[in-house]
Amino acid sequence: MRTLTGLFLIGLLTASAAAAQVAPYGTDPHRYQVERHQARMESLRLQADARADTARRLDTEARLTLRDLEAARQPPTPYVEQAAPPSDPAVTTERHRRTREAVTQIDDWLEKAPD
């Protein structure tokens, strides 16, 4: 008896679950399909908006990072042009004499015997 009652209850439960899956009489199944489609389209639109917001945020962060890196860079050392050799021979001779004196002072110091 118990088994028969249990089977009867199982039959009722499965029958009610199957009945819940069928649309009630007089309803338009296409209307629900359109509503599901509209809901899915709205969901996809929201996802696209979220992706666009993320892309804009990441683009802004990238630009700020580049700006910070460029600001932190050391400025390049200025290019120092070599002086053009003077065309006056007296000036050239004087410059050579001063250079020779400076070099010979260093050479004399290096050749000095240690104490």
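The values are calculated or read from the model by the stated rules, or taken from the named source; none is laboratory data. Keep in mind that this is a model prediction, so the values were computed, not measured. Quick note on the areas: whole protein, heavy atoms, side chains included, nothing else; ligands and nucleic acids left out. Shrake-Rupley method; radii C 1.70, N 1.55, O 1.52, S 1.80 Å.
A few points about this structure:
- Criterion violated by Thr77 - all others in (1) β-branched (Val, Ile, Thr); (2) open to solvent by 100 Å² or more (accessible area, probe 1.4 Å); (3) part of a helix (DSSP H, G or I) satisfied: (3)
- Count of residues meeting criterion [open to solvent by less than 70 Å² (accessible area, probe 1.4 Å), at pLDDT below 85 and not in a loop (DSSP other than H, G, I, E, B)] in region 6-60: 7
- Any hit, region 79-101, residues being modelled with pLDDT under 85 and under 33 Å from the mean Cα position of the chain (by Cα): no
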